[in-house]
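The values are calculated or read from the model by the stated rules, or taken from the named source; none is laboratory data. Treat the numbers as computed from the prediction; the structure is a model and nothing was measured. Glycine gets a Cβ as well: all are built from the backbone with ideal geometry, and neighbour counts include every protein chain shown.
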Amino acid sequence: MKVGISCPVQFSQLFGILLLLIGLPSAGHALIIDSYSAAANDRFANAAEFIATDYDLSGITIAPNNTWLTLVAPNVYLASDHYKPAVGSTVTFYATNDPNGPTITRQVTSSRLRFGSSDLTIGTLDRPVPEGYAVYSYATETFSNSLPTWNNYPYNGPTLFHIGKSPGTYPTILNVAVGQNKLSRRLMNREITNPAASGPAIEADRNDPGSTNFVAFETFTEEGDSGGPLLFRYTNGAGEPALRVVGIAWYRSSGTQEGTGFTPVGQYAADIAAFINANGLGFVPATPAALVAEAVDVNSIALTWEDLSDIETGYQVERSPASEGDWLTVATLDANTTSFLDVGLDADSSYDYRLRALNANGGSDYSAVASASTPPVATFSDWQIDTGLSEMDQADAAATADPDGDGIANLLEYALGGDPLIPNSASLPQIAVDNTYMTITFLRLRSDINYRIEASDNLVSWSIIAENPGSVGSWVTIDDIVPIAEASRRFLRLVVVLP
């Protein structure tokens with residue numbers, strides 16, 4: 001004896017049936033699958049034997065109230081009207097069949113529409129899913145009372161995937177099973193009064209093994225599976241296996257013939273297209289991955305990440321003082337960027353970073369947070385101790401001394417990243433001449449040193465043309481202020497001074 005809710009019906013077949021609405025689930029109810037096994041039928045068993053292993057199910061999910069959503073646009077879903085996701089509920093989509101794999105979450109909005117008196121509802125999510133998640137095509141073909149139209153209906157004959165709750169034991173969000181069935185009949189005026197729904201229906205019988213139309217993993221739905229999709233398998237234009245939504249589960253029938261009734265999506269294809277045209281959005285970019293933050297010096301932190309999107313138009317980088325969560329946008333970057341240098345930071349401070357990819361449809365989810373701490377401000381005295389100068393003769397440790405004899409005084413070695421005891425280890429300034437000016441390029445390494453660029457035409461009188469240009473930790477190039485054509489001779493030099 002099947003358990004369900006008895007509902008008055010209008011009969012359009014010659015045999016008697018009892019319709020059982022498949023909402024309002026009871027404990028233990030699930031899709032009945034002939035010869036069921038977890039490996040063959042449960043999506044999140046994540047087994048190689050899974051019958052839908054070649055197909056992308058990332059666009060199908062179960063809401064917290066046990067209702068189904070099937071994406072037909074990045075932010076638009078189909079569901080059963082009498083058993084639909086609650087407005088404001090958070091739904092989770094799994095990128096793969098691995099229960100520990102990547103996921104994204106979205107909220108169900110109040111923007112939704114029931115098509116006439118049917119049991120089919122279409123609705124929206126607060127944001128589109130990212131590229132890489134599945135959005136399914138939907139049937140556009142219709143049928144009528146005419147037998148030829150039914151015989152030519154492209155989904156009358158092929159074996160279809162039927163998705164519902166698993167007979168196994170899983171948390172709600174992972175409770176997804178896939179069986180198979182074939183369509184048996186169409187009904188033009190199916191009507192159910194509790195709750196009220198009417199319209200065309202397609203039914204898939206529960207056939208016995210060995211009988212006509214029996215297929216492997218034959219299905220019959222039980223309570224709680226309204227909204228589960230019926231899917232046609234095909235090969236898309238890229239030569240990849242793909243799925244098309246043919247129907248959304250509506251009711252179960254019992255009596256002379258057991259079967260599952262589906263609302264035929266093709267009968268409402270124009271309405272679906274109009275809703276998507278009015279409310280649909282494209283994909284948002286995939287979330288950037290592997291964000292790494294590393295301190296460069298006392299005032300700057302370098303970020304690197306992996307660009308996983310093909311559709312982003314830019315990136316938004318945000319920073320927060322560590323653990324405070326008060327996020328501030330510090331940069332908006334071009335597409336395909338994979339690094340950023342954040343400068344002007346406080347020394348001896350910790351920062352958190354996150355970023356997301358952007359396009360016209362919105363932003364990706366934020367990346368995982370990466371953290372880094374700037375070191376305390378180093379001083380020349382610290383450097384003297386670290387390098388061992390302070391242990392030497394006091395004269396050799398002086399700022400103007402040159403204990404390694406390479407012609408570079410200790411203070412200049414410190415400013416340019418050299419070692420006072422290793423000759424020629426500093427990154428010396430470089431002089432070049434272009435078509436207009438003489439230029440000098442140097443490494444501005446320290447934050448406690450004043451760097452000055454001075455110019456002269458006689459090696460006696462020097463004028464300052466730049467002081468502390470660029471940012472700490474970077475190579476800086478400065479042009480002379482006098483064009484080459486106007487000078488008989490010119491000299492440039494770098495001067496470093498302790499404040």
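Points worth noting:
- Taking the listed residues Val460, Val472, the one that is among the hydrophobic types (A, V, I, L, M, F, W, C), in a loop (DSSP other than H, G, I, E, B) and surrounded by 14 or more Cβ atoms within 10 Å (Cβ to Cβ) is Val472, with no other qualifying.
- Any hit, segment 391-398, residues being aliphatic (A, V, I, L, M), touching a residue at least 24 places away in the same chain (Cβ under 8 Å) and surrounded by 13 or more Cβ atoms within 10 Å (Cβ to Cβ): no
- Unmet criterion (only one of (1) over 28 Å from Gly405 (Cβ atoms); (2) in contact with a Ser or Thr (Cβ under 8 Å, 6 or more places away or on another chain); (3) not in a strand (DSSP E or B)) for Ala455: (3)
- Residue list for segment 277-307, filter: part of a strand (DSSP E or B) and either surrounded by fewer than 18 Cβ atoms within 10 Å (Cβ to Cβ) or more than 23 Å from the chain's Cα centre (by Cα) (or both): Ala289, Ala290, Val292, Glu294, Ala295, Val296, Asp297, Ser300, Ile301, Ala302, Thr304, Glu306
- Extreme residue, nearest to Ile32 (Cα to Cα), among residues of segment 206-232 that are surrounded by fewer than 22 Cβ atoms within 10 Å (Cβ to Cβ) and aromatic (Phe, Trp, Tyr): Phe217
- The listed residue being assigned by TED's automatic domain parsing to the domain that holds Asn194, small (Gly, Ala, Ser) and at pLDDT 95 or above, out of Gly255, Gly259, Gly266, Gly314: Gly266
- Test: Asp54 is of a type outside the set (S, T, N, Q), at pLDDT 95 or above, surrounded by fewer than 18 Cβ atoms within 10 Å (Cβ to Cβ) and at negative phi: yes
- Here the condition is being surrounded by 15 or more Cβ atoms within 10 Å (Cβ to Cβ), among the hydroxyl-bearing types (Ser, Thr, Tyr) and closer than 26 Å to Ala204 by Cα; of Thr96, Thr159, Thr124, Thr149, it holds for Thr159 alone.
- The criterion of at least 3 residues that are within 18 Å of Thr221 (Cα to Cα) and either touching a Pro at 6+ places or on another chain (Cβ under 9 Å) or free of Cβ contacts under 8 Å to residues at least 24 places away in the same chain (or both) is met by the following strands (runs of 3 or more DSSP E) wholly inside segment 62-120: 68-73.
- Residue in segment 146-154 that is closer than 21 Å to Thr256 by Cα, more than 31 Å from the chain's Cα centre (by Cα), at pLDDT below 95 and assigned by TED's automatic domain parsing to the domain that holds Ser253 present: no
- In this structure, Gly405 does not qualify as modelled with pLDDT under 95, in contact with a strand residue (DSSP E or B) (Cβ under 7 Å, 6 or more places away or on another chain) and outside any strand (DSSP E or B).
- Flag for Pro171 being at pLDDT 95 or above and not assigned by TED's automatic domain parsing to the domain that holds Ala360: no
- Residue in segment 386-400 that is part of a loop (DSSP other than H, G, I, E, B) and of a type in the set (Ser, Thr, Tyr) present: yes
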